[in-house]
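Only one structure is covered here, and it is reproduced in the block below.
None of the figures in this text is laboratory data; all of them are computed from the coordinates on show. Computed from a prediction, not measured in an experiment: that's the story for all the values here. Glycine also receives a Cβ, built like all others from the backbone with ideal geometry; neighbour counts cover every protein chain displayed.
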Amino acid sequence: MMTNLEYKAAFIKKHGKGDWHVETSPMDQYGKYVKVYVFSDGATMTEVNRPVDEVVDVVAEVKGIKITEKLTVRLMESEIWHSDNAKSVFFYEKW
């Protein structure tokens, strides 16, 4: 599976032969911001970055006793789509 950087690099390599630039929105109150990559051939790639919380069950054993606790994990979610394929692709990393 491709990483976030590999995915974006493949699109930039394909469309970045001419001029291109990135427009970045300010971060909102929830930590979300948007980057739009605009290429001279008319192609665009949109990247939405935001924090997401996932609640997971963690199982541990303490002195032979199994316990299950809920843990909230904060992740950075990057949702990307582009003009070649409008289907969103999601990438995650620890916040």
Exercise. Taking A86 and the conditions (1) more than 25 Å from G16 (Cα to Cα); (2) exposed (fewer than 10 other Cβ atoms within 10 Å of the Cβ), which numbered condition does it fall short on, given that it satisfies the others?
Worked result: (1)
Problem set entry | Scope the stretch 1-30; condition assigned to a loop (DSSP other than H, G, I, E, B) and among the polar types (S, T, N, Q); matching residues | T3, S25, Q29
Seminar exercise, completed: Among V48, V59, V34, the single one that is out of contact with any Cys (no Cβ under 8 Å at 6 or more places or on another chain), loosely packed, with under 15 Cβ neighbours inside 10 Å and in a strand (DSSP E or B) is V59
Exercise. When only residues in the stretch 38-60 that are of a type in the set (S, T, N, Q) and over 13 Å from the mean Cα position of the chain (by Cα) count, which is farthest from G16 (Cα to Cα)?
Worked result: T44
Exercise. Just one of the numbered conditions (1) within 18 Å of Y7 (Cβ to Cβ); (2) under 11 Å from the mean Cα position of the chain (by Cα) is not true of N85; which one?
Worked result: (2)
For this session: Give the number of residues within the stretch 33-55 that are free of Cβ contacts under 8 Å to residues at least 24 places away in the same chain, of a type outside the set (D, E, K, R), touching a Ser or Thr at 6+ places or on another chain (Cβ under 8 Å) and farther than 20 Å from E6 by Cβ.
Result: 4
Exercise. Limited to the stretch 1-30, what total is found for residues that are surrounded by 10 or more Cβ atoms within 10 Å (Cβ to Cβ), among the polar types (S, T, N, Q) and out of contact with any Ser or Thr (no Cβ under 8 Å at 6 or more places or on another chain)?
Worked result: 3
